[in-house]
Amino acid sequence: MRPGTKILGIGAHCDDLELNALGTLLSWRNEYDAEIHRIICTNSGDINNDRNEIEQATVDSTMGYHTISTLNNPDGNLKLDDVLIFNIEQICNTIQPDIVITHTEQDFHQDHIAVAKAVKAVNRYSKFSVLSFPSQDPKQPFLANLHVDITPYMETKLRLLKFYKSQQGKPWLDENIIKSRNAGIGGMQWSEKFNVQYLKV
């Protein structure tokens, strides 16, 4: 990876990107001077108060994202349509990312699937590499062909995920489940797993 590589993380909900790629983003930012951006596609169902917004701002400030975009679609009812594709494409045209990290289509959550398919449509001219992370549902198979060593960043990942207090109690934020999903491979103590959907060379 060359210094200054632009990486755009796109998550359907407020904690999706951090759950699945926080260690990778920190690693690439610190070790390769990558420029990190993010998009959140829904309002995460918390439109009546600002808890999620405050929680997200705390995490974002620690992550040091270059830009943060929120599309404010309704949580649980994200539509794969021309509007979603257009909004993501406009942001991509502005940032011009080298790599996009997002959901896999092999997921059971309709919002996650919509985002994954929208990113594929946006990349119809093969403008950027696409890495997908696995579903939170362990029943959904996932073929990982990229493992990123996040051992130096695992403690930070666990700490930052605790800032999502309005989401605590959800199984995917259970520390033991997070650790099992981030178990390392080879000589790595902890790793995040991805499938390289498309590699721009």
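The values are calculated or read from the model by the stated rules, or taken from the named source; none is laboratory data. Predicted model, so just to flag it, every value in this text is computed and none were measured. Because the Cβ atoms are built from the backbone with ideal geometry, glycine has one as well, and the counts that use them run over all protein chains shown. For the accessible areas, the whole protein counts, side chains as well, though only heavy atoms, and no ligand, DNA or RNA atoms are used. Shrake-Rupley method; radii C 1.70, N 1.55, O 1.52, S 1.80 Å.
Summary of values
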{"read-out": "Residues that are open to solvent by 10 Å² or more (accessible area, probe 1.4 Å), more than 18 Å from GLU192 (Cβ to Cβ) and within 14 Å of the chain's Cα centre (by Cα), drawn from segment 98-113", "value": "GLU105, ILE113"}
{"read-out": "Selection within segment 118-143 - over 28 Å from ILE177 (Cα atoms) and hydrophobic (A, V, I, L, M, F, W, C)", "value": "ALA118, ALA121, VAL122, PHE128"}
{"read-out": "Lone qualifier among GLU155, GLU175 - being more than 25 Å from MET1 (Cβ to Cβ) and without any contact (Cβ under 8 Å) to a residue 40 or more places away in the chain", "value": "GLU175"}
{"read-out": "For TRP190: the one exception among (1) out of contact with any Gly (no Cβ under 8 Å at 6 or more places or on another chain); (2) farther than 19 Å from ASP137 by Cα; (3) at pLDDT 90 or above; (4) among the aromatic types (Phe, Trp, Tyr)", "value": "(1)"}
{"read-out": "Leading residue by the ranking (farthest from VAL115 (Cα to Cα)) among those in segment 35-57 that are at pLDDT 70 or above and open to solvent by 40 Å² or more (accessible area, probe 1.4 Å)", "value": "ILE54"}
{"read-out": "Top-ranked residue of segment 119-141 - restricted to ones that are basic (Lys, Arg), in a loop (DSSP other than H, G, I, E, B) and open to solvent by 90 Å² or more (accessible area, probe 1.4 Å), ranked as modelled with the lowest pLDDT", "value": "LYS139"}
{"read-out": "Odd one out for ILE177, checked against (1) within 28 Å of ILE88 (Cβ to Cβ); (2) open to solvent by 50 Å² or more (accessible area, probe 1.4 Å); (3) modelled with pLDDT under 95", "value": "(1)"}
{"read-out": "Count - residues of segment 147-174 that are more than 18 Å from THR58 (Cβ to Cβ), open to solvent by 30 Å² or more (accessible area, probe 1.4 Å), of a type outside the set (Ser, Thr, Tyr) and at pLDDT 95 or above", "value": "3"}
{"read-out": "Tally, over segment 65-86, of residues that are open to solvent by less than 50 Å² (accessible area, probe 1.4 Å) and either in a helix (DSSP H, G or I) or at pLDDT 90 or above (or both)", "value": "7"}
{"read-out": "From the options ALA183, ALA116, ALA144, residue that is in contact with a His (Cβ under 8 Å, 6 or more places away or on another chain) and open to solvent by less than 80 Å² (accessible area, probe 1.4 Å)", "value": "ALA116"}
{"read-out": "Evaluation of PRO3 against (1) at positive phi; (2) out of contact with any strand residue (DSSP E or B) (no Cβ under 7 Å at 6 or more places or on another chain) (one fails), failing number", "value": "(1)"}
{"read-out": "Whichever residue in segment 3-26 is assigned to a helix (DSSP H, G or I) and either modelled with pLDDT under 95 or of a type in the set (A, V, I, L, M) (or both) and, among such residues, is surrounded by the fewest Cβ atoms within 10 Å (Cβ to Cβ)", "value": "LEU26"}
{"read-out": "Test: residue in segment 94-109 that is in contact with a strand residue (DSSP E or B) (Cβ under 6 Å, 6 or more places away or on another chain), assigned to a helix (DSSP H, G or I) and in contact (Cβ under 8 Å) with a residue 12 or more places away in the chain", "value": "yes"}
